[in-house]
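Structure first, commentary second.
The values are calculated or read from the model by the stated rules, or taken from the named source; none is laboratory data. Only a predicted model underlies this, so the values are computations on that prediction, with no experimental measurement involved. Note that each Cβ is placed from the backbone with ideal geometry, even for glycine, and that neighbours are counted across all protein chains shown. In case anyone asks, the SASA skips ligands and DNA or RNA and just uses the protein heavy atoms, side chains included. Shrake-Rupley method; radii C 1.70, N 1.55, O 1.52, S 1.80 Å.
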Amino acid sequence: MRRTPFNAGWTVSERANRFEERLRGSTGQLEVTLPHDAMLGSTRVPDASPAAAYYPGGTWEYHRTIERAVGDDDAAVFLDFEGVYRDALVFVNDNVVAHQPNGYAGFVVQIDHLLHDGANDLKVEVRAYDDSRWYSGAGIYRNVWLLEAGRVHLAPETLQVLTPEIDDDVAVLQVGVVVRNQSASLSNASVAVEIDDADGIVVTRCEAPVTTFPGEALLARQRLTLPEPHRWRPDDPYLYRCRVALLQADRVVDREETSFGVRTLSLDSVRGLRINDEPVLLRGACVHHDNGPLGAATIDRAEERRVELLKAAGFNAIRSAHNPLSRAMLTACDRLGVFVMDEAFDMWQQPKSEHDFALHFTDRWEGVIEAMVRKDINHPSVILYSIGNEIPDAGRPQGSRLGRALAEKVRSLDHSRFVTEAVSGFLIGGPELMDEIRARIGAAGQEAGGELGLQLHGSALRDRRRAVSQPCDDGKRDPSGRDRHRMARGLSPPAGDRRLHLDGLGLPR
């Protein structure tokens, strides 16, 4: 499939009411190049949310034209949005073709059925409310791609490379891709797969026929053997490339490709986490999606630079907080050798902000999970999926049932990685724990008075956490108690205090 960057030539404007604009016309259009954070162009107001850096919410409209040449009626045309914040509505010639309420899930939409010869109008509406506990930005803040192919093609985002069997002599590769027939006739084609090493040399290949009827979409699977596989490791992040061609009468009609790594992944309560049969402790950092003063726009080099800085500081793992990572950051983690825990949600059915994704969760969570796994599955850096962060629902029967459904959905799409959840002890304890905390705060307040009592109670909780992570007299951590459980999960003991101390020495201000 021909993939063309579609980031240039856009305009953006704030929008108040579509019906009023039909009468008076829109004003204030600004020419922009994507990725773009529309919120940065707003004026801060004191009564806006501090989580949004005091920028108010609003609605914005992105606009550009898309040209269709005479005679291109047989081309299948798609738009690939890596991320739009938030509640995106996509219009082609004033026809709605997509609605994506989640601000972090990528989506692909087919548009050729609505195109006519010449210039076509494309609009994307976005909305940002009081819907996030951190700076979310607003707008088409990740890349957009124009995809074009024939009526018989390899469906976008369906190429997967799995490595079910690996040893020192050979790796078995399972390559799958969906062949879609949108023509009016039967298609006799073949799928050719080639695997290149890091130097671009073909190391294995195969080809198999695939027949599709009009309107069908079939998953074509092929098994290949890779001799003497070079394994992907943090200190040697070796990447192969898989190239797939769809052929009809020995003519290539479509292509797709992806990079991938060969590595084993295992986890148990005795030996902990192992990569390529070697024990690994994760020294991780939680990373939000924005780029600080640059805003929420996902700049590929900025994503790569953050990974470089984290690895130079001693981290070997990243947890996305609290939404799926960008493609650019995953690619950087693959290339630089950094593990990833990709997180799907910050809330389920119970909201944390007034207008957050909880309003759409019940109807749309499966699509978000599917988009995350499709994005991640070929990235060797991804070793864990997190189904949620500090979820209030999790301490209740309905939340337990929902958590199981989320985990099983992930496993049904990718059984090669592990599933976890970022659990908060305060939230998982339910109302009883919160009542106890409030009672203790009240008692401390009566003894010490007002805010001082609250501070004393907070200090007691902090002291309990520090006591767990204190080293033994010989300078080594006691592998008992909570540290042992951390090691069984493949997690290093808490490093926050030590990291703050080092940062304080290097950055005294």
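General remarks:
- Criterion violated by Gly388 - all others in (1) part of a strand (DSSP E or B); (2) under 27 Å from Ala155 (Cα atoms) satisfied: (2)
- Unique residue being over 19 Å from Ser400 (Cα atoms) and part of a loop (DSSP other than H, G, I, E, B) when the list is Glu354, Glu370: Glu354
- Residue match in the stretch 344-367 (condition: under 22 Å from Val262 (Cα atoms), surrounded by fewer than 23 Cβ atoms within 10 Å (Cβ to Cβ) and in contact (Cβ under 8 Å) with a residue 40 or more places away in the chain): no
- The listed residue being farther than 17 Å from Tyr240 by Cβ, part of a strand (DSSP E or B) and open to solvent by less than 60 Å² (accessible area, probe 1.4 Å), out of Ala171, Ala220, Ala192: Ala220
- Condition check for Gly71 on (1) open to solvent by 50 Å² or more (accessible area, probe 1.4 Å); (2) under 21 Å from Ala155 (Cβ atoms): one failure, at (2).
- Residue that is surrounded by the fewest Cβ atoms within 10 Å (Cβ to Cβ) [pool: residues in the stretch 240-275 that are charged (D, E, K, R) and not in a strand (DSSP E or B)]: Asp250
- In the stretch 283-312, residue least open to solvent (accessible area, probe 1.4 Å) [restricted to those that are out of contact with any helix residue (DSSP H, G or I) (no Cβ under 8 Å at 6 or more places or on another chain) and over 22 Å from Tyr104 (Cα atoms)]: Leu310
- Any chance Asp236 is open to solvent by 30 Å² or more (accessible area, probe 1.4 Å), at positive phi and either touching a Leu at 6+ places or on another chain (Cβ under 7 Å) or not basic (Lys, Arg) (or both): no
- Residues that are among the small types (Gly, Ala, Ser) and more than 29 Å from the chain's Cα centre (by Cα) were ranked within the stretch 1-32; the one that is modelled with the highest pLDDT is Gly28.
- Taken together, the residues in the stretch 313-351 that are in a loop (DSSP other than H, G, I, E, B), under 14 Å from the mean Cα position of the chain (by Cα) and closer than 30 Å to Tyr240 by Cα amount to 7.
- Within the stretch 128-160, being open to solvent by 10 Å² or more (accessible area, probe 1.4 Å), in a strand (DSSP E or B) and out of contact with any helix residue (DSSP H, G or I) (no Cβ under 9 Å at 6 or more places or on another chain) holds for Trp145, Leu146, Ala149, Val152.
Let's see how each residue does on (1) among the aromatic types (Phe, Trp, Tyr); (2) not in a loop (DSSP other than H, G, I, E, B):
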site: Val45; (1), (2): no, no
site: Trp60; (1), (2): yes, yes
site: Thr65; (1), (2): no, yes
site: Phe78; (1), (2): yes, yes
site: Val90; (1), (2): no, yes
site: Val96; (1), (2): no, yes
site: Ala105; (1), (2): no, no
site: Val109; (1), (2): no, yes
site: Lys123; (1), (2): no, yes
